[in-house]
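Enquirer: After the structure tokens below, expect a handful of questions from me.
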Amino acid sequence: MQRRKSTRDSSINGKRVMEAVQVVDDRGYEGAELFKSDLCWNQAQLNKVMDISGALEVSCFPPSYTQNSPSEQMLLDLAENFCRQYTQLYPDRTPLFTSPQNECGVQKFVCSTLRPTLLPYPSLYQWEECAHFVSECLTMEPLKPATELPLRLSSSVSVLRGQKGNCFDFSVLLCSLLLGAGYDAYCVSGYATHKMCLMDDREEACPLLAPPQESCEWSPLKPPQKYSVRPPRQLLSKFELQQEAKKEAKEQAASARQHEEAERRLAEAETPGPDPLYGRRVHCWVLVLGGKREVPDHFFIDAVLGRAHRTSDPHFLGIESLWNQDNYWVNMQDCRTGCKDVTFDLGDPLYWEFMLLSTGKPLLLIPNLSEDDEEEEDVQDQGPVPVSWALPIVVTPEEFKMRCPEGKKLLQYKKARLEKWAPYLQEDGRVSCLALYQDTACSTELEVQDCFQNRKDKLDMRQVKRQTGVSSEHFSPGRKDALKVHTFRSLVPETERTMVFYNEARLDGLQRREEQAKEMLEIFQSREDLLYYRQTTYGKRPKKVSIAGGPTEVHPRPIIKIIERFHRNSNKAADEDVAERIFLITEDRVHVRCHGQDDRITTSTWDFLKPANLGEKGAHVVLNPENCISYQVEPLAKFNQNLYVYETLLHLQQGEQCAQEAVRRAEAEVLAMLSRRAQEEADPQLTISTYDTERNRSGQEQRATQQQAAWEDAQRRAALSLDYLAPYLSLVGDPEKLTRLQAQQVKDDCLRDLKNRLVQQANLIQARFEKETQELQKKQQWYHQNQPSLRREDEEAYLEFCSEAMFRIQILETRLNRHKRLAPQKYLTLEDRLNKDTRLCEPLLLP
């Protein structure tokens, strides 16, 4: 890439273009308003365009897609003039990407293709989510050929509808969203490596496998005790230990060298050869400048992968030009070493040449300019801003949730393959599947991680290791059994498994349960009895002879030993506070160990041999030193009393019974949980929100029922409003069938009301007629009395009043005569209708 020949020539070129732009702005302002109505289409027209898939029909687009306004045409001419002069000054550089064709085959200025949009989703207000959304919802189409600029640049609406495009389509859409969110974003046209251009992540580790950050919490060390037992002296030879350490170090170094050599050979085998098109592959990405939205520094965003990169990233090899919705800039810097030395001060004409003067970047003053140059620099600081010809970017909530094309997408990483689905697309609620492989060819599967959403059983993730067959299921809070993590090999009972629970949601405070064929371990937290550990050891289940045709019984595993451990109870003395008790059930023995005091080394212990008749009512229990062996750190008199020993034995016997019952309840709970998990996996159910009107069938049925009931009620009301007998039937209680007396009463009431209405109407017309006649007579008397003294204006007013009064009197007389003529007919018509009404005539005909 060559540097420009002279600053003066380039600046003159820019000034000529800007002067011509100002002329265009003066002449074509009215033409710029030509297609303003195209951007205000109604929703039906917009849906018609958005439903286009496959072959595009030009007739479906608004005029702004198929035509250029005078202002747009003048901008295209300016861009062509700018490119022509640029080619003359720099014949060795690649032509600029300024006026590609849109989806209708019409040339459009690239700045007007951007449509700043802020979608109504809070997550898209941050650039990370915007980049992630664009990379997921579109499918990458490589440029063909890879060394040439594309001939077509479609609008973001068409790209979103087709859900596919090249790197330029990705970048335009992402830049539009970032501009709408308030970022200082630009589309960049340049060159990148083979990996970046072809979206090749097969050499990168999956981001989901990144190790979690270690917590930096400081944990204080336990202070050393003043009095402690010295550890026994180790009678070992220091020379022998040194020799063994040297030998182990040599072996570790040799194994490390072998491992590094194997990894190096594997990396060399997997590393692709040199790219023959290195430095010539065309690519487009997004530049975000620091300043706005509290962005501290400039950075790149690869819209295809949705990742951020430093501006010095070696994958970006050079920049030809960049643009936003306001202006177009050409890079005048040397990019032989990539983009690490590029300065992004767009207001500096030594580094960037702009096309339009409507830039918000401050321009640097060039010293030592002549007066003519200063006059040329003294131009207006405002030029025409391109108006976007594209339709508004619209993403429906369903499309936002679906994202990926057809709701699924496959990503390939190094020794990993990630498959994604939209929510509710899979019947079991799975939204992603990450498969880990042993080799880069992805032939030997090591591990599978499935993630779920909206599961009724609260299943979030399932991790299966193929080599060992161990499955681990993770659940979110909300299950009745408060299960958090379940690690197992099989759902068959009495096999190896580990269960972790949300202990805050359980009454027994169970946190962890580990089960094996011959053992079960339970860990508790925050129990009132301070129990935190219970270990149960089982024996071999005895064989039972089953009778043919008889019932088959499941015999529980015999319990051999139960170990329980307790936290320290500060309300009791250390010698009376039990720390551990061991129930040897088959031997009828109990071993008890108490807590130790802080200033004591040993602890008190008890060994009991339970008598056979212990706990029987009225039995004579004999206690001797052989049945009760104790060691007391601080002997007390009550420890040697038989009553205290007997009460302790009874308390331990009750504790043993409670422990056995708790173990049996735990076994039953495990069986119920395994059965429930088998049913949940056989028929997975998904939860649907009440506000999800599209998937909530119960809500749809309820709304349909309400609409049907409302429609029926409206029909009933309409029928009642048209029923002339409804007021009279309501007076008799709206019976299904009328009696003869009720029918006669309804008929008489209806005729009587009609007669009263006719009489009232006739009286009203007669009263108004008499009133008008009296007023006219009074006016005539007044005229005869005052006729000699009346003026001409008074006579004219009198004549006008008489004319209007006679007109009203004539109308009232006509209405009264018409009413007298039609009233008998209305009465007879109603009487005939009542005689023919089946609700009245049938009861009247009955004897």
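Enquirer: Pairs under 9 Å by beta carbon, first residue open to solvent by 100 Å² or more (accessible area, probe 1.4 Å) in the range 238-258, partner of a type in the set (Val, Ile, Thr), six or more apart or different chains?
Expert: none
Enquirer: What's the number of the condition Gln525 fails, among (1) in contact with a Lys or Arg (Cβ under 7 Å, 6 or more places away or on another chain); (2) under 30 Å from Asp599 (Cβ atoms)?
Expert: Among (1) in contact with a Lys or Arg (Cβ under 7 Å, 6 or more places away or on another chain); (2) under 30 Å from Asp599 (Cβ atoms), Gln525 violates only (1).
Enquirer: Moving to a separate point now. How about the range 450-469: which of its residues are under 18 Å from Thr487 (Cβ atoms), under 24 Å from the mean Cα position of the chain (by Cα) and free of Cβ contacts under 8 Å to residues at least 60 places away in the same chain?
Expert: Passing the criteria: Asp450, Cys451, Phe452, Lys458, Asp460, Met461, Arg462, Gln463.
Enquirer: Something else: In the list Arg821, Arg808, which residue meets the criterion of being modelled with pLDDT of 90 or more, of a type outside the set (Ser, Thr, Tyr) and closer than 25 Å to Lys755 by Cα?
Expert: Checking each option against the conditions leaves just Arg821.
Enquirer: Then there's this: Those residues that are over 21 Å from Gln597 (Cβ atoms), charged (D, E, K, R) and either in contact (Cβ under 8 Å) with a residue 40 or more places away in the chain or part of a loop (DSSP other than H, G, I, E, B) (or both), I need them from the range 553-583; list them, please.
Expert: Residues satisfying the conditions are Glu553, Arg557, Glu564.
Enquirer: So, one more: Just to be sure before I move on: is Glu647 open to solvent by 30 Å² or more (accessible area, probe 1.4 Å), part of a helix (DSSP H, G or I) and not β-branched (Val, Ile, Thr) in the structure I sent?
Expert: So Glu647 fits the description; yes.
Enquirer: Would you say Ser312 is in contact with a Lys or Arg (Cβ under 6 Å, 6 or more places away or on another chain) and not aliphatic (A, V, I, L, M)? Give the derivation first.
Expert: Working: in contact with a Lys or Arg (Cβ under 6 Å, 6 or more places away or on another chain): yes; not aliphatic (A, V, I, L, M): yes.
So Ser312 passes the test.
Enquirer: Next question, about the same structure. Considering each of Leu828, Leu799, Leu834 in turn, give the residue that is in a helix (DSSP H, G or I) and open to solvent by less than 70 Å² (accessible area, probe 1.4 Å).
Expert: It is Leu834.
Enquirer: Still on this structure: Take the conditions closer than 29 Å to Thr87 by Cβ, basic (Lys, Arg) and either out of contact with any Asp or Glu (no Cβ under 8 Å at 6 or more places or on another chain) or surrounded by fewer than 21 Cβ atoms within 10 Å (Cβ to Cβ) (or both) and apply them to Lys292. Does it pass?
Expert: no
Enquirer: Here's a check for you: in the range 744-788, which residue that is of a type in the set (Lys, Arg) and exposed (fewer than 11 other Cβ atoms within 10 Å of the Cβ) is farthest from Leu816 (Cα to Cα)? Reasoning before the result, please.
Expert: Our first condition is that a residue be of a type in the set (Lys, Arg); within the range 744-788, this holds for 747, 752, 755, 757, 768, 771, 778-779.
Now restrict to residues that are exposed (fewer than 11 other Cβ atoms within 10 Å of the Cβ): 752, 778.
Values: Arg752: 21, Lys778: 23 Å.
Taking the candidates together, the pick is Lys778.
Enquirer: Here are Ser156, Ser176: which of them is touching a helix residue (DSSP H, G or I) at 6+ places or on another chain (Cβ under 8 Å) and under 20 Å from Val106 (Cα atoms)?
Expert: Of the residues listed, the single one that is touching a helix residue (DSSP H, G or I) at 6+ places or on another chain (Cβ under 8 Å) and under 20 Å from Val106 (Cα atoms) is Ser156.
Enquirer: So the check is Cβ under 7 Å with 6+ separation or different chains; which pairs have a first residue in the range 807-833 that's within 16 Å of Gln760 (Cβ to Cβ) and a second one that's of a type in the set (D, E, K, R) and assigned to a helix (DSSP H, G or I)?
Expert: Listed pairs, sorted by first residue: Leu812/Arg768; Leu812/Glu772; Tyr827/Lys755.
Enquirer: Pull out all pairs, ordered by first then second residue, where Cβ-Cβ is under 9 Å, the residues are six or more apart or on different chains, the first lies in the range 683-707 and is modelled with pLDDT of 85 or more, and the second is assigned to a helix (DSSP H, G or I).
Expert: If the second residue must be assigned to a helix (DSSP H, G or I), the pairs left are Ile688/Arg697; Ile688/Ser698; Ile688/Gly699.
Enquirer: Separate question: Can you tell me which residues in the range 602-621 are modelled with pLDDT under 85 and either under 16 Å from Gln653 (Cβ atoms) or open to solvent by 100 Å² or more (accessible area, probe 1.4 Å) (or both)? Can you show your working first?
Expert: The first filter runs over the range 602-621 and keeps only residues modelled with pLDDT under 85, leaving 610-621.
Scanning the range 602-621 gives Lys610, Pro611, Ala612, Asn613, Leu614, Gly615, Glu616, Lys617, Ala619, His620, Val621.
Enquirer: While we're looking at this one, here's another question. Applying the selection to the range 411-430, what residues are touching a residue at least 24 places away in the same chain (Cβ under 8 Å), surrounded by fewer than 17 Cβ atoms within 10 Å (Cβ to Cβ) and either of a type in the set (A, V, I, L, M, F, W, C) or closer than 13 Å to Phe452 by Cβ (or both)?
Expert: Of everything in the range 411-430, those that are touching a residue at least 24 places away in the same chain (Cβ under 8 Å), surrounded by fewer than 17 Cβ atoms within 10 Å (Cβ to Cβ) and either of a type in the set (A, V, I, L, M, F, W, C) or closer than 13 Å to Phe452 by Cβ (or both) turn out to be Glu427, Asp428.
Enquirer: OK, next. So how many residues does the range 308-343 have that are out of contact with any strand residue (DSSP E or B) (no Cβ under 7 Å at 6 or more places or on another chain) and either free of Cβ contacts under 8 Å to residues at least 12 places away in the same chain or crowded, with 16+ Cβ neighbours inside 10 Å (or both)?
Expert: 6
Enquirer: Looking at (1) touching a Ser or Thr at 6+ places or on another chain (Cβ under 9 Å); (2) charged (D, E, K, R); (3) loosely packed, with under 12 Cβ neighbours inside 10 Å, which is the only condition Arg703 fails?
Expert: Failed condition: (3).
Enquirer: Hey, can you tell me all the residues within the range 666-684 that are surrounded by 14 or more Cβ atoms within 10 Å (Cβ to Cβ) and under 31 Å from the mean Cα position of the chain (by Cα)?
Expert: Matches in the range 666-684: Met673, Arg676, Arg677, Glu680, Glu681, Pro684.
Enquirer: Condition first: out of contact with any Phe, Trp or Tyr (no Cβ under 8 Å at 6 or more places or on another chain), open to solvent by 40 Å² or more (accessible area, probe 1.4 Å) and at pLDDT below 65. Can you find one or more residues in the range 384-400 that meet it?
Expert: yes
Enquirer: Quick check on my filter: what residues within the range 706-738 are part of a loop (DSSP other than H, G, I, E, B) and open to solvent by less than 70 Å² (accessible area, probe 1.4 Å)?
Expert: The answer is Asp723, Tyr724, Leu725, Val732, Gly733, Pro735, Leu738.
Enquirer: Still on this structure, I have one more. Hey, can you tell me all the residues within the range 579-601 that are open to solvent by 40 Å² or more (accessible area, probe 1.4 Å) and more than 16 Å from Gln657 (Cβ to Cβ)?
Expert: Glu587, His591, Arg593, Gln597, Asp598, Asp599, Arg600, Ile601
Enquirer: Just need a number here: residues in the range 431-440 that are open to solvent by 60 Å² or more (accessible area, probe 1.4 Å) and within 23 Å of Gly469 (Cβ to Cβ).
Expert: Total satisfying the criteria: 1.
Enquirer: Having 1 or more residues that are basic (Lys, Arg) is the bar; report the strands (runs of 3 or more DSSP E) wholly within the range 473-546 that clear it.
Expert: Result: 483-488, 497-501, 510-515, 531-538.
Enquirer: Looking at (1) among the hydrophobic types (A, V, I, L, M, F, W, C); (2) modelled with pLDDT of 90 or more; (3) over 17 Å from Trp352 (Cβ atoms), which is the only condition Ile319 fails?
Expert: Of the numbered conditions (1) among the hydrophobic types (A, V, I, L, M, F, W, C); (2) modelled with pLDDT of 90 or more; (3) over 17 Å from Trp352 (Cβ atoms), the odd one out for Ile319 is (3).
Enquirer: Okay, moving on. Taking only the range 295-337 into account, find how many residues are farther than 23 Å from Leu114 by Cα and among the aliphatic types (A, V, I, L, M).
Expert: Qualifying residue count for the region: 2.
Enquirer: Among the residues of the range 263-277, are any touching a residue at least 24 places away in the same chain (Cβ under 8 Å) and closer than 30 Å to Leu346 by Cα?
Expert: Checking the range 263-277: at least one residue is touching a residue at least 24 places away in the same chain (Cβ under 8 Å) and closer than 30 Å to Leu346 by Cα.
The values are calculated or read from the model by the stated rules, or taken from the named source; none is laboratory data. Everything quoted here is computed from the prediction, not taken from an experiment. Glycine also receives a Cβ, built like all others from the backbone with ideal geometry; neighbour counts cover every protein chain displayed. In case anyone asks, the SASA skips ligands and DNA or RNA and just uses the protein heavy atoms, side chains included. Shrake-Rupley method; radii C 1.70, N 1.55, O 1.52, S 1.80 Å.
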